[in-house]
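The values are calculated or read from the model by the stated rules, or taken from the named source; none is laboratory data. All values reported here derive from a predicted model rather than from experimental measurement. Every residue, glycine among them, receives a Cβ derived from its backbone with ideal geometry; neighbour counts consider all protein chains shown. The protein model used for the area step is the full one, side chains on, heavy atoms only, and it has no ligands, DNA or RNA in it. Shrake-Rupley method; radii C 1.70, N 1.55, O 1.52, S 1.80 Å.
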Amino acid sequence: CFLLPSTHQLPNRLPTTTTRLHLSEETPRRRRSTSDRPRRPPPNRSSSSRQRNASEIRRAPHQFDHTKAEARPFLDDPAAFVKQQSANEDAPPYVFSGDENNSEKATLIPEGSHFISMSLDDVFPNLDFSQKFCSGKEFRQVLRNSMREDVFDSTPTYAGMSEKVRKMLLLPDSSVQGSWNCRQYQGAAAIDADEAIDSDDENENDDDRRPKLRMRKLTKVLKENLGEKAPTGDQFMETIGNLCGSKPTTHWIDIVGVLDRRVPHSWHQDTGRSPGGDTFTVLLGFPKEDNYDGVGVFSHAVHLKYERVAPEDHPQNEPVVYPGLTVDDMYIVKPRFAKGSEIIMFRDIDAIHSSPDVAYRASVMRFM
């Protein structure tokens with residue numbers, strides 16, 4: 001066998017990693033004199049002082065000089081909060097500084113034209129759609145879930161994801177996005193409702209000669225709850241999407257947002273454009289409770305006096321943001337959701353908008 005030299009017999013070179021570990025764990029080190037070692041101040045053993053320091057110092061990195069309560073203002077009863085809020089539908093129009101000076105070049109927005117409310121009965125008559133939608137929580141849940149699943153499963157962005165990831169992304173508190181345009185899916189939107197329904201999966205081969213529906217789960221939900229005269233899922237998506245006007249982007253998103261807490265308004269426009277002057281953003285609200293009549297479902301908005309169009313060099317389909325803009329409450333409109341007003345429409349050049357300061361909803365779907 002071989003005997004290793006003792007520590008003091010090692011060559012005069014840097015130790016290997018093994019040697020460093022050995023020396024650090026086993027070999028005594030020369031202790032520095034207490035005179036040349038900095039001393040820590042003695043800890044304050046007072047419990048009251050510890051509590052005071054904790055309340056003054058313990059902050060999340062993003063909280064800066066705000067207290068925890070101010071930075072995370074959770075609400076014990078969001079429903080009670082929003083039910084005290086007024087829709088303020090008669091709010092005066094807001095004027096940005098400088099707009100009045102350029103009034104000759106600016107386009108005045110007709111009074112009362114900023115937002116248009118519609119019902120599902122207006123869009124899909126003779127089905128008692130509004131009543132069943134507003135009074136049936138289970139119907140709203142299966143309707144929303146089927147829309148989300150159909151869009152998710154037919155959107156290339158989500159293709160190839162595992163079932164575990166799919167379930168996670170489809171959790172009801174997450175947002176899902178895609179396109180409301182179903183015509184690209186083998187022309188299914190033009191097919192008659194009674195002939196377009198796909199049968200069970202085991203009979204799928206029999207339907208190969210028939211163009212397939214994109215929104216098959218949604219079609220089944222609509223037929224089961226509204227009867228055989230109900231639109232197919234594709235027709236439902238296309239009909240609401242067509243409310244967007246002549247030059248839509250066809251983008252669709254199911255937005256949940258921040259719930260159970262109050263958040264500051266973040267004013268913006270989605271694009272700052274309305275191609276052709278008749279292109280709208282359309283919102284379909286999903287309330288949190290049956291027969292709801294109140295605010296907190298739709299985005300909050302500020303009606304403008306003059307059209308506000310994004311600069312020509314602003315990127316297409318990019319939001320126009322107004323960081324730091326503070327708007328007096330007298331100008332803030334909180335659109336009301338109620339039976340007969342399940343849908344609202346507006347041109348993006350007529351208003352700035354924001355998530356509600358307190359959202360009280362299952363979600364809101366945006367068609368553009």
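Here are some notes:
- Qualifying positions in the stretch 305-346 - among the acidic types (D, E) and either in contact with a Lys or Arg (Cβ under 9 Å, 6 or more places away or on another chain) or surrounded by 23 or more Cβ atoms within 10 Å (Cβ to Cβ) (or both): E307, E342
- For the stretch 150-178, filtering for residues that are more than 14 Å from M365 (Cβ to Cβ), buried (at least 16 other Cβ atoms within 10 Å of the Cβ) and in contact (Cβ under 8 Å) with a residue 40 or more places away in the chain leaves 1.
- The set of residues from the stretch 342-368 being more than 13 Å from the chain's Cα centre (by Cα), of a type in the set (A, V, I, L, M, F, W, C) and assigned to a loop (DSSP other than H, G, I, E, B) comprises I349, V358, M368.
- Pairs linking a residue in the stretch 129-140 that is surrounded by 21 or more Cβ atoms within 10 Å (Cβ to Cβ) to a residue that is basic (K, R) and part of a helix (DSSP H, G or I), with Cβ atoms under 8 Å and 6 or more positions apart or on different chains, are F133/R140.
- Cβ-Cβ contacts under 8 Å between residues 6 or more apart (or on different chains), taken from a first residue in the stretch 331-343 that is small (G, A, S) to a second residue that is open to solvent by less than 10 Å² (accessible area, probe 1.4 Å) and part of a helix (DSSP H, G or I), are listed as A338/C134; G340/S130.
- Residues in the stretch 260-278 that are hydrophobic (A, V, I, L, M, F, W, C) and surrounded by 19 or more Cβ atoms within 10 Å (Cβ to Cβ): 1 in all.
- Taken as a whole, the structure places V302 among residues that are part of a strand (DSSP E or B) and buried (at least 17 other Cβ atoms within 10 Å of the Cβ).
- Residue match in the stretch 298-310 (condition: under 22 Å from D122 (Cα atoms) and modelled with pLDDT of 95 or more): yes
- For G257, the conditions (1) open to solvent by 40 Å² or more (accessible area, probe 1.4 Å); (2) out of contact with any strand residue (DSSP E or B) (no Cβ under 7 Å at 6 or more places or on another chain); (3) of a type outside the set (S, T, Y); (4) in a loop (DSSP other than H, G, I, E, B) all hold with the exception of (2).
- Count of residues meeting criterion [touching a helix residue (DSSP H, G or I) at 6+ places or on another chain (Cβ under 9 Å), open to solvent by less than 20 Å² (accessible area, probe 1.4 Å) and not polar (S, T, N, Q)] in the stretch 106-126: 2
- Being out of contact with any Lys or Arg (no Cβ under 9 Å at 6 or more places or on another chain), open to solvent by 60 Å² or more (accessible area, probe 1.4 Å) and either modelled with pLDDT under 90 or charged (D, E, K, R) (or both) is not true of E204.
- Residue in the stretch 55-70 that is open to solvent by 80 Å² or more (accessible area, probe 1.4 Å), among the β-branched types (V, I, T) and modelled with pLDDT under 95 present: yes
- When residues in the stretch 75-124 are screened for being farther than 23 Å from M345 by Cβ and assigned to a helix (DSSP H, G or I), 7 of them pass.
- Residue match in the stretch 279-294 (condition: of a type in the set (S, T, Y), open to solvent by 40 Å² or more (accessible area, probe 1.4 Å) and in contact with a helix residue (DSSP H, G or I) (Cβ under 7 Å, 6 or more places away or on another chain)): no
- Hits in the stretch 232-248 - residues which are charged (D, E, K, R) and either outside any helix (DSSP H, G or I) or closer than 17 Å to I349 by Cα (or both): K247
- In the set A87, A79, A91, only one residue is among the small types (G, A, S), in contact (Cβ under 8 Å) with a residue 12 or more places away in the chain and in contact with a strand residue (DSSP E or B) (Cβ under 6 Å, 6 or more places away or on another chain); that residue is A91.
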